[in-house]
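A quick write-up on the structure given underneath.
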Amino acid sequence: MIDIINQFNIEGEIKSYEIFGIGHINDTYKLITTTDQEYLFQKINHNVFKDVSGMMKNIQRVTNYLPSAFDRLGISSQETLRLIQTHHKENYFHHKTGYFRMFDFKSHLKSRDVPESEDQIFEGAKSYGFFLKALSDFNPFNLIVTIADFHNLDYRIRNYEKVKLKIKNLKSHPAEKQMALVKSLSQQLLPIWSLDAQSLVQKRVTHNDTKFNNVLLDEMSKGCCVIDLDTVMPGIVHYDFGDGIRSTCCTAAEDELDLQCVSLDRNRFLAFKEGYLEGAKDELSATDIEFLPLSGAYMAFIMGLRFLTDFMEGNRYYKINYPNHNLDRCKNQFKLSYDILDQLNDLK
Ligand SMILES: Nc1ncnc2c1ncn2[C@@H]1O[C@H](COP(=O)(O)OP(=O)(O)O)[C@@H](O)[C@H]1O
Ligand SMILES: [Mg+2]
């Protein structure tokens with residue numbers, strides 16, 4: 001580890017490093033040096049991110065661009081991640097044990113896994129809104145599509161069908177009930193798919209993983225820095241808004257078993273919506289806005305379908321704590337998707 005850390009252009013010498021945070025994808029460490037500089041050091045999850053070089057180029061481009069965009073727009077509250085280069089002027093280091101990168105550590109800010117108040121939801125959503133707005137003049141096609149069809153419903157369905165074909169006895173399959181929901185649910189969500197597939201709304205730089213813990217907040221719980229830029233790619237606003245709603249505004253955790261507890265919390269939705277629109281102000285078209293509520297149901301369905309497909313395939317992608325974990329997550333996300341559809345008129 002010390003050899004790897006020393007590949008990077010850090011100030012001072014290594015004093016200590018320890019595992020940090022509760023990220024679920026990469027291995028994250030906090031590094032302190034003899035000059036009391038702090039860095040965030042990560043081993044990138046290469047199983048999830050196949051194109052590390054493309055991903056790191058995207059992060060470099062976006063983090064180079066954002067500070068001046070925030071300045072130009074007079075957005076002084078928002079900070080940007082800063083990559084530390086290696087001595088060879090690369091933005092990551094490829095070692096035989098994996099891929100590594102380093103950022104400045106934002107010691108005055110922190111993320112929370114679960115929001116503690118609607119104010120925090122407002123602030124987190126506002127940061128994501130500012131992020132979208134500040135990148136509105138950045139050509140999304142200057143970014144590399146590192147995970148093709150990430151939020152493409154048609155692709156996710158085709159993938160699911162492929163896996164389903166391999167199952168011999170569908171009738172007695174434990175996911176039989178969930179499989180029976182896929183067709184009708186997906187048809188109700190096609191309007192969001194069409195927005196992207198038929199270019200009915202602007203293609204933008206989107207974050208694509210807008211969970212609450214991917215924003216750092218300050219001590220006053222103000223949203224200050226969007227992090228975890230591993231999936232920045234061309235997309236539509238509905239992927240960011242929808243994933244935010246799905247992950248931040250649900251009344252229960254993603255694997256809650258009691259489906260009666262799983263619904264979209266109206267007040268949290270309002271807080272998220274207010275915050276997001278304040279950040280992205282004047283940036284969204286009438287069509288963008290019209291489909292924001294439905295985007296939550298779309299993203300919950302996409303997640304549910306990915307959990308279902310992984311369950312049917314033998315749990316290869318998502319880490320599980322017990323055999324039916326992915327099936328339970330699927331039930332939960334499908335329930336959330338239905339609940340958003342039920343509340344749609346009100347949310348609109
Ligand atoms: N630059 C940073 N400064 C301080 N904390 C950070 C920074 N970047 C990430 N973190 C913390 O580390 C956690 C994991 O980082 P993240 O990039 O989100 O990894 P993962 O992809 O595993 O979620 C975050 O939730 C946050 O708490
Ligand atoms: Mg994260």
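The values are calculated or read from the model by the stated rules, or taken from the named source; none is laboratory data. What you see is a predicted model; the values in this text were computed from it and never measured. Quick reminder, even Gly has a Cβ in these numbers, built from the backbone with ideal geometry, and neighbours come from all protein chains shown.
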(request) Kindly indicate the residue of the stretch 1-13 that is in a helix (DSSP H, G or I) and under 29 Å from the mean Cα position of the chain (by Cα) and also farthest from ASP36 (Cα to Cα) among those meeting that condition. (result) ILE4
(message) I'd like the full set of residues that are within 19 Å of the chain's Cα centre (by Cα), in a helix (DSSP H, G or I), surrounded by 17 or more Cβ atoms within 10 Å (Cβ to Cβ) and not small (Gly, Ala, Ser), limited to the stretch 126-177.
(response) LYS126, TYR128, PHE130, PHE131, LEU132, LYS133, PRO140, LEU153, ARG156
(request) Only one of these is within 13 Å of ligand 1 (Cβ to nearest atom), surrounded by fewer than 19 Cβ atoms within 10 Å (Cβ to Cβ), among the polar types (S, T, N, Q) and not assigned by TED's automatic domain parsing to the domain that holds GLY279: ASN6, ASN64, ASN45. Name it. (result) ASN45
(request) Determine which single condition PHE100 fails, assuming it passes every other condition in (1) in a helix (DSSP H, G or I); (2) surrounded by 21 or more Cβ atoms within 10 Å (Cβ to Cβ); (3) not assigned by TED's automatic domain parsing to the domain that holds GLN202. (result) (1)
(message) For the stretch 232-255, give me each residue that is part of a helix (DSSP H, G or I) and buried (at least 23 other Cβ atoms within 10 Å of the Cβ).
(response) VAL237, HIS238, TYR239, ASP240, PHE241, GLY242, ASP243, GLY244, ILE245, ARG246, THR248
(message) Can you find, within the stretch 209-255, the residue that is nearest to ligand 2 (Cβ to nearest atom) among those that are among the acidic types (Asp, Glu) and closer than 18 Å to PRO140 by Cα?
(response) ASP228
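Here's the yes/no breakdown for (1) of a type in the set (Ser, Thr, Tyr); (2) at pLDDT below 95; (3) within 15 Å of ligand 2 (Cβ to nearest atom); (4) assigned to a strand (DSSP E or B):
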residue: LYS15; (1), (2), (3), (4): no, no, no, yes
residue: ILE22; (1), (2), (3), (4): no, yes, yes, no
residue: ILE25; (1), (2), (3), (4): no, yes, yes, no
residue: VAL48; (1), (2), (3), (4): no, yes, yes, no
residue: PHE70; (1), (2), (3), (4): no, no, no, no
(request) Please tell me if SER53 is closer than 24 Å to LEU217 by Cα and among the hydroxyl-bearing types (Ser, Thr, Tyr). (result) no
(message) Checking the condition under 19 Å from the mean Cα position of the chain (by Cα), at pLDDT 95 or above, more than 16 Å from ligand 2 (Cβ to nearest atom) and surrounded by 15 or more Cβ atoms within 10 Å (Cβ to Cβ), which residue from ILE121, ILE84 passes?
(response) ILE121
(request) Find the residue count for the stretch 214-271, including only residues that are polar (S, T, N, Q), out of contact with any Leu (no Cβ under 8 Å at 6 or more places or on another chain) and modelled with pLDDT of 95 or more. (result) 6
(message) Take the residues in the stretch 54-99 that are small (Gly, Ala, Ser) and in contact (Cβ under 8 Å) with a residue 24 or more places away in the chain; name whichever of them is nearest to THR28 (Cα to Cα).
(response) GLY98
(request) Spot the failing condition for ILE75; the list is (1) more than 23 Å from THR248 (Cα to Cα); (2) β-branched (Val, Ile, Thr); (3) in contact with a strand residue (DSSP E or B) (Cβ under 9 Å, 6 or more places away or on another chain), and only one is missed. (result) (3)
(message) Return the pair list, or none, for Cβ contacts closer than 6 Å from residues in the stretch 101-121 that are closer than 14 Å to GLY21 by Cβ to residues that are acidic (Asp, Glu), at least 6 apart or on different chains.
(response) PHE105/GLU38; SER107/GLU38; LEU109/ASP218
(request) Please name all residue pairs, on different chains or six or more residues apart, with Cβ atoms under 9 Å, provided the first residue is in the stretch 209-220 and is in a strand (DSSP E or B) and the second residue is within 10 Å of ligand 1 (Cβ to nearest atom) and hydroxyl-bearing (Ser, Thr, Tyr). (result) VAL215/SER111; LEU216/SER111; LEU217/SER111
(message) Considering only residues that are away from ligand 2 (no atom under 16 Å from the Cβ) and touching a Phe, Trp or Tyr at 6+ places or on another chain (Cβ under 9 Å), which ones fall in the stretch 27-38?
(response) LEU31, ILE32, THR33, GLN37, GLU38
(request) Scan the stretch 178-201 residue by residue and report those that are part of a loop (DSSP other than H, G, I, E, B), surrounded by fewer than 16 Cβ atoms within 10 Å (Cβ to Cβ) and not hydroxyl-bearing (Ser, Thr, Tyr). (result) GLN198, LEU200
(message) I'd like to check something: does the stretch 202-218 contain any residue that is within 14 Å of ligand 1 (Cβ to nearest atom) and surrounded by fewer than 17 Cβ atoms within 10 Å (Cβ to Cβ)?
(response) yes
